[in-house]
Amino acid sequence: MTDTGMETPLTKNIRDDRTPMTIDEYERAGGYQAVRKALSDMSPKDVQSLVKEANLKGRGGAGFNTGMKWGFVPMGDDAPQPKYLVANADEMEPGTFKDRLLMEGDPHSLIEGMICAAYAIGASVSYIFIRWAYHLSAGRLRKAIAEAYEKGYLGKNILGSGFNLDMYVHVSAGRYMCGEETGLLNAMEGKRATPRAKPPFPQASGLWGKPTIVQNVETLCNVQHIINNGADWFRGLSKTDDGGTKIYGVSGRVNRPGAWELPMGTTAREIIEEHAGGMKDGYRFRGMLPGGASTDFMIDEHLDVPMDYGEIMKIGSRLGTGTIIILDDRTCPVGMLENLEHFFAQESCGWCTPCRDGLPWTEKLLHAIEEGEGEPADLDRLEAHCTWLGPGNTFCALAPGAVEPLQSGLKYFRDDFERHIKDKKCPWR
């Protein structure tokens, strides 16, 4: 059956060479119809309710119901003004590249989704917070935004509706800490990207103390399709209770690394074996991080688990960003974990002691084991760090996420750690 875009709404406009559509081409493909529909036929509360009913969960990793999140924003004539909408396009999670695909290949999709989302919460100013390295994405977004202004989809009195919205591309220095929404907001205000105490939550007091929604790029690109086609259609795209499709990615020693839009709940086995083409000759699958570097390992016995937010949580991991990092049998798991912990230690904002001091210690212990200088007690120390840096012991979720691959690596690949210590060398060297 030929897919007309109803089954792959996020990627239907992306060409093989990634050349984005002009605004005229995008309109001919049905673009900006959701903006017209929302502004003429729906109230902001109608849009919120529809997105909530569709069960669109945040694609940045948290998996919280998007419409419910919007419902926390104060509405009405007495609500603080201005309100802000921020698209988080920083995408600093290692192994993750799905948002880059959308921004480079179909920038108008993000802009349309943002207009609809801003209308739903009554925001008059919107920003795309993008990392400095995404030069191509930023350039294409700026061009698309200029086209949208020329056509009357942005600016004052959009399409004669009385709704006003300005949109800007904000290029960031790029820190992993900006994945935490209040760290992102501090960076936008010209401060250090450190997390804020909550409450108050950004929905009530965010950017410059005003109501703010921070939403992932992939999440926002779904909004217009829900408005055009309805909540039942969106939920029907999924194989599980989580609504919609998902852009799944695979990196590592597979035959066809890349990203594919598939029904939410597609199994890891199908993603790896059918879409990524299976493991390269001479390599065997040992494990995978299912949603970027800050998720727990899954192994062979988990390959048939549906890749959605609820099912993966049941086996002790998280869907995260849905971008799989493969561990093969010729890659040292200790070395892989040392590399990951080095990244997280560098990216810690230094705000709280467990994260600031604990992550460098985990890196130091892993380095000693990898170099053949480890001792049996180091494994106990690493496990202790997984507790000390776990949920409830740090100011934000950076350190708990950082130790997810470590705690699961100690569980599934402990023999490899012990062999390093016993033989006083890395067996893969």
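Residues in the range 200-208 carry Karplus couplings, in order, of x, 8, x, 4, 9, 8, x, 5, 6 Hz; the curve used is 6.51 cos²θ - 1.76 cosθ + 1.60 with θ = phi - 60°, and Gly or Pro positions show x. Sorted ascending by nearby beta carbons within 10 Å, beginning with the fewest, R59, R36 become R36, R59.
How much space per residue, in cubic angstrom, does the convex hull of the C-alpha atoms of the range 245-328 take up?
Values: hull volume 5.8 nm³, N = 84.
Taking only Cα atoms, the range 245-328 has a hull volume of 69 Å³ per residue.
Please work out whether the range 306-429 counts as rounded, prolate or oblate from its C-alpha gyration tensor, where a ≥ b ≥ c are the square roots of the eigenvalues and a/c under 1.5 means rounded, while otherwise a/b larger than b/c means prolate and anything else oblate? Can you show the working numbers first?
On the way: a/c = 1.89, a/b = 1.21, b/c = 1.56.
Oblate is the answer for the range 306-429, as a/c is 1.5 or above yet b/c matches or exceeds a/b.
Bridges between two residues of the chain, per DSSP, are antiparallel at a rate of about 40%.
Any chance you could check the Cα centroid distance between the range 146-182 and the range 380-429 for me, in angstrom? With the range 146-182 and the range 380-429 each reduced to a Cα centre, they are spaced 41 Å.
How much net charge surrounds K424 when only other residues with a Cβ under 15 Å from its Cβ are counted (Lys, Arg +1; Asp, Glu -1)?
Values: positive: R419, K422, K425, R429; negative: E370, E371, E373, E375, D378, D416, E418, D423.
So the environment of K424 carries a net charge of -4.
Set the Cα radius of gyration of the range 178-246 against 2.2 N^0.38 Å, with N its number of residues, and you get 1.44. For the range 23-236, the alpha carbon positions stretch 41, 39, 36 Å along the principal axes, listed from largest to smallest.
Put simply, when 135-142, 10-17 are sorted by average Cβ atoms within 10 angstrom per residue, most first, you get 135-142, 10-17. Note that the range 14-109, at 20 °C in a medium of 1.002 mPa s, gets a Stokes-Einstein diffusion coefficient of 134 µm²/s from its Kirkwood radius over C-alpha pairs.
Grouping the Cα pair distances of the range 285-329 into 10 Å bins from zero gives a pair-distance distribution of 33, 60, 6 percent in increasing distance order. Comparing Cα centroids, the range 1-48 and the range 304-325 end up 28 angstrom apart. Based on every Cα atom in the chain, Rg and the maximum pairwise Cα distance Dmax equal 22.1, 74 Å. Taking 21 Å as the limit for the C-alpha separation, the pairs K57/K143; K83/K198; K151/K246; K57/K98 exceed it in the case of K57/K143; K151/K246. Per residue, the convex hull around the alpha carbon atoms of the range 100-150 comes to 76 Å³.
Put simply, the Cα atoms of the range 164-285 extend 53, 38, 27 Å along their principal axes, the longest span coming first.
Laboratory data are not the source of any read-out in this text; all were calculated from the coordinates shown. This structure is a prediction, so every number in the text was calculated from the model and none was measured. Positions of Cβ are generated from backbone atoms using ideal geometry, with glycine treated the same way; all protein chains shown enter the neighbour counts.
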